[in-house]
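Please read through the structure below; I'll follow up with questions.
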Amino acid sequence: MTAPSPGAALGPAGRAKIAVMPNPLTPELKNHVKSTHLAALRFRRAIKSFDPARRLDPADFDFIAEAARLAPSSNGLEPWNIIVLASGELRAKFVERTGANAAQAGQASHLVAFTAKTARGIDPSGDYLAHIGATVHSMSPEQIEAWRGRFKAFLTNRIGVWGSDDAMFGYTARQAYLALENMIVAAAAIEVDSCPLEGLDYAQATAVLAEAGLIDPALDAFAVAAVFGYRSEDPKRPQARRPIGEVVAWA
Ligand SMILES: Cc1cc2nc3c(=O)[nH]c(=O)nc-3n(C[C@H](O)[C@H](O)[C@H](O)COP(=O)(O)O)c2cc1C
């Protein structure tokens, strides 16, 4: 087993280079990873009230943001962005105008807005697909043109969202939720609390971000928010879930 190098978890390491783990895992280590991973998932709760005095270490937030960056996305398009509402003024405006819960959105260390591509923003003939094709997937102009056709066929014939702005936005917003999930799980792994936030005014959220010049609402819209920080009190109820036999079916 090799010693972890500082920052290894943030580097471009692949499976063979998971910082401190042999590949394949020994049975003992595998059991250790399973128990620490489940412990993190049990630690993670939708925290309602945050300690305003406790801020995240910037390196911890970098780790959580890196987890978002590594999220999978349909067609590798990453049709979302994260905006950290770091300015007190903008954050206060966002909380007030969207009606978000102030004990969460107002007090947690970090308030993050996820935006997702609108139907126009993700249009197969548009600039975003060309940008991702060229910069992320190293495609030639010819490959990008072919990709445009395949992507439009996928939207139309496979998942049936083409032609509906709402369904197209639902498709891109789903990808943002995967990034959100990666973030809250990564946060829990380092005992950082979080809460996803859907319970706010979406039109106002998009408007606040647009008025601040952070998005062009023709291309991007608010998808969901999340807060990260430290709980000021434990949840009143235990983490309650259906039993595994009700969740998983084998056929
Ligand atoms: C997509 C999504 C949106 C949510 N929106 C809110 C919200 O706006 N406010 C809130 O307090 N909790 C919100 N929650 C938290 C859920 O209510 C919570 O996860 C659920 O009740 C289970 O509790 P637990 O996460 O503590 O186990 C949201 C969760 C998800 C996954």
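The values are calculated or read from the model by the stated rules, or taken from the named source; none is laboratory data. Please read these numbers as outputs of a predicted model, since none were measured by experiment. So basically every Cβ, Gly included, is an ideal-geometry build from the backbone, and we count neighbours across all protein chains shown.
Name the residue that is surrounded by the fewest Cβ atoms within 10 Å (Cβ to Cβ), counting only residues in the stretch 199-226 that are away from the ligand (no atom under 16 Å from the Cβ), of a type outside the set (Gly, Ala, Ser) and outside any loop (DSSP other than H, G, I, E, B).
Ranking the qualifying residues of the stretch 199-226, first place goes to Glu211.
Failed condition for Pro196, given (1) within 16 Å of the ligand (Cβ to nearest atom); (2) part of a helix (DSSP H, G or I), with all others met?
Condition not satisfied by Pro196: (2).
If you take the residues in the stretch 111-127 that are more than 16 Å from the ligand (Cβ to nearest atom) and not in a loop (DSSP other than H, G, I, E, B), which one is farthest from the chain's Cα centre (by Cα)?
Ranking the qualifying residues of the stretch 111-127, first place goes to Asp127.
Name every residue in the stretch 41-65 that is out of contact with any Asp or Glu (no Cβ under 8 Å at 6 or more places or on another chain), of a type outside the set (D, E, K, R) and under 12 Å from Ala189 (Cα atoms), in order of residue number.
Across the stretch 41-65, the qualifying residues are Leu41, Phe63, Ile64.
Being among the aliphatic types (A, V, I, L, M) and more than 14 Å from the ligand (Cβ to nearest atom) is the filter; apply it to the stretch 40-57 and report the residue that is farthest from Val112 (Cα to Cα). Don't jump to the end; show me each part of the working.
Quick first cut of the stretch 40-57, residues among the aliphatic types (A, V, I, L, M) only: 40-41, 46-47, 53, 56.
Okay, now just the ones that are also more than 14 Å from the ligand (Cβ to nearest atom), so 53, 56.
Details: Ala53: 18, Leu56: 13 Å.
By that ranking, first place goes to Ala53.
Checking the condition under 18 Å from the mean Cα position of the chain (by Cα) and either among the β-branched types (Val, Ile, Thr) or surrounded by 14 or more Cβ atoms within 10 Å (Cβ to Cβ) (or both), which residue from Arg44, Arg55, Arg97 passes? Please lay out each step first, then the result.
Values: Arg55 fails: under 18 Å from the mean Cα position of the chain (by Cα); Arg97 fails: under 18 Å from the mean Cα position of the chain (by Cα).
Checking each option against the conditions leaves just Arg44.
Which of the residues that make up the stretch 61-99 are closer than 30 Å to Asp123 by Cβ, in a helix (DSSP H, G or I) and not charged (D, E, K, R)? If you could, list the steps in order and put the result at the bottom.
Here is the first cut: in the stretch 61-99, the residues closer than 30 Å to Asp123 by Cβ are 65-85, 90, 94, 97-98.
Keeping just the survivors that are in a helix (DSSP H, G or I) gives 65-69, 74-76, 90, 94, 97-98.
Within the stretch 61-99, Ala65, Ala67, Ala68, Ser74, Asn75, Gly76, Leu90, Phe94, Thr98 qualify.
Of everything in the stretch 227-246 that's away from the ligand (no atom under 14 Å from the Cβ) and outside any loop (DSSP other than H, G, I, E, B), which residue is nearest to the chain's Cα centre (by Cα)?
Ile244
Return the total of residues in the stretch 80-94 being surrounded by fewer than 21 Cβ atoms within 10 Å (Cβ to Cβ) and farther than 15 Å from Pro196 by Cα.
As a first pass, look at the stretch 80-94 and keep what is surrounded by fewer than 21 Cβ atoms within 10 Å (Cβ to Cβ): 81-84, 86-93.
Subset that is farther than 15 Å from Pro196 by Cα: 81, 86-93.
Total meeting the criteria: 9.
Which one of Ser73, Ser109 is in contact with a helix residue (DSSP H, G or I) (Cβ under 6 Å, 6 or more places away or on another chain) and hydroxyl-bearing (Ser, Thr, Tyr)?
Step by step, each of Ser73, Ser109 is checked, and only Ser73 is in contact with a helix residue (DSSP H, G or I) (Cβ under 6 Å, 6 or more places away or on another chain) and hydroxyl-bearing (Ser, Thr, Tyr).
Then there's this: How many residues are surrounded by fewer than 19 Cβ atoms within 10 Å (Cβ to Cβ) and not in a loop (DSSP other than H, G, I, E, B) if we restrict to the stretch 148-175?
Looking only at that region, the number is 14.
List the residue pairs whose Cβ atoms are under 8 Å apart, where the first residue sits in the stretch 39-62 and is over 16 Å from Ala226 (Cβ atoms), the second is within 10 Å of the ligand (Cβ to nearest atom) and assigned to a loop (DSSP other than H, G, I, E, B), and the two are 6 or more positions apart or on different chains.
Hits for this filter: Arg42/Gln239.
Would you be able to tell me the number of residues in the stretch 183-193 that are within 12 Å of the chain's Cα centre (by Cα) and either surrounded by fewer than 19 Cβ atoms within 10 Å (Cβ to Cβ) or at pLDDT below 95 (or both)? Talk me through it step by step, then tell me what you get.
Going through the stretch 183-193, the residues within 12 Å of the chain's Cα centre (by Cα) turn out to be 183-187.
Those still in the list that are either surrounded by fewer than 19 Cβ atoms within 10 Å (Cβ to Cβ) or at pLDDT below 95 (or both) too: 185.
The total comes to 1.
Now for a separate question. Report the residue count in the stretch 184-193 for those that are within 12 Å of the ligand (Cβ to nearest atom), touching a helix residue (DSSP H, G or I) at 6+ places or on another chain (Cβ under 8 Å) and assigned to a helix (DSSP H, G or I).
The total comes to 2.
Please find, within the stretch 101-146, the residue that is farthest from Glu89 (Cα to Cα) out of those that are among the acidic types (Asp, Glu) and surrounded by fewer than 17 Cβ atoms within 10 Å (Cβ to Cβ).
Filtering first and then ranking leaves Glu142.
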